[in-house]
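The values are calculated or read from the model by the stated rules, or taken from the named source; none is laboratory data. Everything numeric in this text was worked out from a predicted model, so none of it was measured. For neighbour counting, all protein chains shown are included, and Cβ atoms are generated from backbone atoms with ideal geometry for every residue, glycine included. Keep in mind that these areas ignore ligands, DNA and RNA; they rest on the heavy atoms of the full protein, side chains included. Shrake-Rupley method; radii C 1.70, N 1.55, O 1.52, S 1.80 Å.
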Amino acid sequence: MTELNRRNTTILLLILWSITPLIWQLYTSFCSPEALISPFENIAKRWTLDNYRQVFQADPPFWRYLVNSSLVGIYTTFITLLISIPAAYSLVKLPRRIANVSKLVLTSVALFPYVLLFLALLEFARSLNLGNNLLALSIPYSGLSLPLAILLISSAIKDLPADLEEAAKIDGLNLWQRFRWILVPLIAPACASTAIIVFLFSWNEYPIALTWISKDELLTLPVAIARLAGSSVYSVPYGAYAAATVIGSIPLIIIMIIFQKQIVSGLTQGAVKG
Amino acid sequence: MSLNLENLARRIGQKWIIQNLNLNVDPGECLALLGPSGCGKSSTLRLIAGLDKPTRGSIYLLGKDITNISPLKRRVGMVFQSYALYPHLDVYNNLALGLKIRGISIKDQKHRLDNVLGLLKLDLLSNYMPSQLSGGQRQRVALARALLRDPDLYLLDEPMSNLDAQLREDLRPELRNLILGNKQPVVYVTHDQQEAMAMANRIALLKEGRLEQIGTPKELYLRPRTTFVAGFIGRPQINFIKREPGIIVGIRPEDVKFSIDGLPSKIIHKEWHGSNQLLLLDSKFGKIRMITKANMDIPSDINLTWSKSKEHLFREDSKEAIIKD
């Protein structure tokens, strides 16, 4: 086998490895329950849209959860960026020793298993009356996303030549103007990739959403999908789960396709000095 | 319109990178801050621009104390060594940004931009991104930005060091005409003594944060106050010879002549430069550089001499010049 062939085979295997669960999901979503149980027998009614029908005919309608999750995701991303860009900027401008300590703290916070927090957060929600409110839900989400977001964006700011901001000062731009005209446009790729990571986290988050939201019409996607099972413990609606997951993935795939270039360039920013 | 630095000093940690610097630059004068890397010349420029704060001392521009005024308000036109063009804006918007921020109307912006673009022959490049420009073009855009700032003072930080030698020589007269024709003081930082001599009315030679000597290029060349100045100004470098105890004799390569009964020496290296040739000779005083005519065949053993009046004498202990009458 030549070098190239070997490489291509490896890539192919990796792609298969990562895509198979998704294909299985897609396959499951179009299968009737009988077909799922006996995949190799010849069943007359193997393919069906019933799973999707079931998902969409639920009350409240399924698109409602998509909207809820999107709203929380947008709020979270917006709040996170709004705080993390100035925070990252100050992190870069701090004296080195303080900055290093702050980074260490941020990194350990980013690595903290947040599941340990959700009971305490629930107490907060209760005492501050933040339950059943999508905007309020995005507060802990942004809080949890901030450490990583600040670290990502600060490394992007750090990679900008210091001359640029100084030239802007000489040009007469004040801090806000430097943000608006120089800094933010230049770190846009890093902001885009950070935004995606934050949005993904918020889109997939389960325990906090489960405990903070109890009203049916305010549920986010992961919680709503988990509820498809209804009251029965004995039958698991695999088909409906799969259908809901497929629908829930579509917005993410669209976002990924649109911002693919920015995400990659943002994540590799600073890897190579130009 | 003049710039005065009074007892300017800056300390980083325990190290004084600039110490008690006193300079003044007259209107329309170009002062070169010259020195090896780490001598504090760029740091001085940053203090004047307001990008750093001095530990001690004051800066006066037009008689006004600007030491504590923000760089945003200093009205300084600065050209950075890296040019620092905004990479996400095309040439036109790079230049227009400062005007826009200062609230100049779109019509005036366009008028002034067209003027400067024409002056610097950038008209055809106004829609190019900085990354699409050559080094010389980038330098011109950076210069245009400084001109558009309407400055009271120009600061140039090694503006030519990223250009190749040919382009540098081409751009010198252009830069002189553009900036030195005006009535503002100009501070020009460079590590290249030849460039300083070509561009500046006066040169301030710095060493380890201190002013070593200030004067016209001619003064520095003809009457260096220390061995450091003598060694830094003039290429090929001056020869230092220890002929008698306690005294260092400096003699420039072009002042060394052949003679029948002079100092015996041997050629160890020859460089033919076209218009002249450089000889490196070994004598009992050590290595001696000498410049002679190009069209000369030279035997390997020769005798050297020079006129006493061309000698620069320095004290060996303090390295300072002994003033001749």
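Tell me yes or no: at least one residue of region B:251-265 is under 26 Å from residue B:213 (Cα atoms) and in a strand (DSSP E or B).
yes
Table: residues versus (1) over 26 Å from the mean Cα position of the chain (by Cα); (2) among the basic types (Lys, Arg); (3) more than 8 Å from chain A (Cβ to nearest Cβ).
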site	(1), (2), (3)
B:80	no, no, no
B:99	yes, no, yes
B:102	yes, yes, no
B:119	no, no, yes
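Tell me which of these residue A:146 doesn't satisfy, since it passes every other one: (1) modelled with pLDDT under 95; (2) under 28 Å from the mean Cα position of the chain (by Cα).
For residue A:146, the exception is condition (1).
State the number of residues belonging to region A:227-248 that are in a helix (DSSP H, G or I) and open to solvent by 40 Å² or more (accessible area, probe 1.4 Å).
4
Go through (1) open to solvent by less than 80 Å² (accessible area, probe 1.4 Å); (2) within 25 Å of residue B:296 (Cα to Cα); (3) modelled with pLDDT of 90 or more for residue B:264 and report which single condition fails.
Result: residue B:264 fails condition (1) only.
Within region B:27-49, track down each residue that is within 14 Å of chain A (Cβ to nearest Cβ) and open to solvent by 10 Å² or more (accessible area, probe 1.4 Å).
If the condition is that a residue be within 14 Å of chain A (Cβ to nearest Cβ) and open to solvent by 10 Å² or more (accessible area, probe 1.4 Å), then B:42, B:43, B:46 are the ones that fit.
Taking region B:299-319, which residues are out of contact with any helix residue (DSSP H, G or I) (no Cβ under 8 Å at 6 or more places or on another chain), open to solvent by 90 Å² or more (accessible area, probe 1.4 Å) and in contact (Cβ under 8 Å) with a residue 12 or more places away in the chain?
If the condition is that a residue be out of contact with any helix residue (DSSP H, G or I) (no Cβ under 8 Å at 6 or more places or on another chain), open to solvent by 90 Å² or more (accessible area, probe 1.4 Å) and in contact (Cβ under 8 Å) with a residue 12 or more places away in the chain, then B:301, B:315, B:317 are the ones that fit.
Taking the condition of being polar (S, T, N, Q) and over 32 Å from the mean Cα position of the chain (by Cα), how many residues in region A:33-61 meet it?
Qualifying residue count for the region: 2.
Considering only residues that are without any contact (Cβ under 8 Å) to a residue 12 or more places away in the chain and outside any strand (DSSP E or B), look in region B:269-298 and name the one that is farthest from residue B:223 (Cα to Cα).
B:297
Tell me the residue from B:183, B:218 that is open to solvent by 60 Å² or more (accessible area, probe 1.4 Å) and modelled with pLDDT of 95 or more, please.
Going through B:183, B:218 in turn, the sole match is B:218.
Any residue in region A:19-30 that is surrounded by 10 or more Cβ atoms within 10 Å (Cβ to Cβ) and either in contact with a strand residue (DSSP E or B) (Cβ under 7 Å, 6 or more places away or on another chain) or assigned to a loop (DSSP other than H, G, I, E, B) (or both)?
yes
Of the residues in region A:160-206, how many are of a type in the set (Asp, Glu) and away from chain B (no Cβ under 14 Å)?
Selection size over region A:160-206: 1.
Looking at region B:162-169, is at least one residue at pLDDT below 90, assigned to a loop (DSSP other than H, G, I, E, B) and open to solvent by less than 60 Å² (accessible area, probe 1.4 Å)?
yes
Taking region B:51-72 as the search range and keeping residues that are among the polar types (S, T, N, Q) and more than 14 Å from chain A (Cβ to nearest Cβ), which one is least open to solvent (accessible area, probe 1.4 Å)?
Only one residue tops the list, namely B:67.
Those residues that are in contact (Cβ under 8 Å) with a residue 40 or more places away in the chain and out of contact with any Leu (no Cβ under 9 Å at 6 or more places or on another chain), I need them from region A:143-163; list them, please.
Matches in region A:143-163: A:145, A:155, A:159.
Please pick out the residue among A:166, A:217 that is of a type in the set (D, E, K, R) and touching a strand residue (DSSP E or B) at 6+ places or on another chain (Cβ under 9 Å).
Going through A:166, A:217 in turn, the sole match is A:166.
Out of A:82, A:122, A:116, report the one residue that is open to solvent by 90 Å² or more (accessible area, probe 1.4 Å), modelled with pLDDT under 90 and part of a helix (DSSP H, G or I).
A:116
Would you mind listing the helices (runs of 4 or more DSSP H) fully within region B:75-151 where at least 3 residues are among the small types (Gly, Ala, Ser) and open to solvent by 10 Å² or more (accessible area, probe 1.4 Å)?
By residue number, no helices (runs of 4 or more DSSP H) qualify.
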